[in-house]
Structures are given as structure tokens and as C-alpha cells.
Amino acid sequence: MHSTEVNAHVKALRTLCKRKTSNPEEADGLVMKWVQQLLSEASKILEMYFSKCSEANKDSTFFTPPRSGRKNSKRATAAMCRLLSQAITATYTIGSLVIVCPSADLKAIIPILHAIITSGSSDPKLTKLPSLGVSVKQTSPSLYIQAWLTMGKICLADGKLAKRYIPLFVQVWL
């Protein structure tokens, strides 16, 4: 799904929820419910992508050059491309949902985004969370950029989190 489609769907869902109910509090509750469901699904997609990435890296870590003579290498590559596309869309969707519902619970999402934006970093302060083992910036720059954009949107919605991430934003852009 393209990013403009994601935004259109998110806005349409919000509008439908608001029109379906009679009072604003009930509408906000309904919006919060589907936002949490979408965030949960997006989190699952990102976790699945990174588990497949770590499996692929584990299998080819000790071979130089990497082995590519397996029967299913074309299928595996196609599957990873689909998963990467889904992970990028899921990350973008998270950012769109944060804009629509800034009070959404992002406790499961923030560690994943943190792992993406700090992947490949050698700074021990940045890698407090489990590392992905490979630099997402090198392997999938679109996902890396989308993770930064989404983290920026989350920081716009949460001032305390923004204060904690300012040094990381500055470090990356200097």
C-alpha cells in the first residue's frame, strides 16, 4: 500500500468512527480501539521482518562470499522483499496513527523503532536494547528513514520522549 493510501485509510477510519457515534467521548474511544489494533498488527509485522532478517544473517554469517546456491534463494529473496515492503508500510502507518491519535500506547513500538535507528551503531549508550545485528541504514535505507520520520512524529506527540531523543537526533545529523 502506498503512503498516500495509508493516510487516506487512516483519515477515513477516523471519520467513520466519529460519524458512527453520537457523542465525542464514545468516538474517541472507538478511534483509540482501532488505533491500538492497527499498532499491534504493525508491531507484529516489524517483529516478523526482523526475526526473518536475523535468521538470514545467522545462516550466511560465516561464508565469504555469502552462499546463494540454495534452491529456494529466489523465493526467499522475494519473500524478504515483500516483508521489507510490509515493514516500511507498517512503520509509515504507525506514524500516521500517532498523528491521528497522539495518546496511543506505543510502549511496544518505541523499542523496535529505537533498534532500527540505532542499528549498526558502535556506541554502547545507544545499544541498550537488543540489537538487530545488521545496519538497517545499509541494508534497507527506506525502512531506516521511515523509522526516523515515525520517531519524529512520536516525539511531536510526547514531549518527555522528545527530550530523551534530542541527543540522538543531533548525533545522527551532525
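Scanning the stretch 18-41 for residues that are of a type in the set (G, A, S) and open to solvent by 100 Å² or more (accessible area, probe 1.4 Å) returns a single hit, S22.
Is it the case, given these coordinates, that A162 is assigned to a loop (DSSP other than H, G, I, E, B) and either in contact with a Pro (Cβ under 8 Å, 6 or more places away or on another chain) or modelled with pLDDT of 90 or more (or both)? In short, no. Pairs linking a residue in the stretch 40-55 that is closer than 13 Å to L97 by Cβ to a residue that is surrounded by 21 or more Cβ atoms within 10 Å (Cβ to Cβ), with Cβ atoms under 6 Å and 6 or more positions apart or on different chains, are A42/A90; A42/T93; A42/I94; S43/I109.
Residue pairs whose Cβ atoms lie under 6 Å apart, separated by 6 or more positions or on different chains, with the first residue in the stretch 136-152 and open to solvent by 20 Å² or more (accessible area, probe 1.4 Å) and the second aliphatic (A, V, I, L, M) and in a helix (DSSP H, G or I), are S142/I88; Y144/V136; Q146/I88. Within the stretch 93-129, which residues are among the aliphatic types (A, V, I, L, M), in a loop (DSSP other than H, G, I, E, B) and either open to solvent by less than 20 Å² (accessible area, probe 1.4 Å) or modelled with pLDDT of 90 or more (or both)? Matches in the stretch 93-129: A104, L106, A108.
The values are calculated or read from the model by the stated rules, or taken from the named source; none is laboratory data. Here the structure is a predicted model, which is why all the values come from computation and not from measurement. Note that each Cβ is placed from the backbone with ideal geometry, even for glycine, and that neighbours are counted across all protein chains shown. The accessibility values were calculated without ligands, DNA or RNA, using every heavy atom of the protein model including side chains. Shrake-Rupley method; radii C 1.70, N 1.55, O 1.52, S 1.80 Å.
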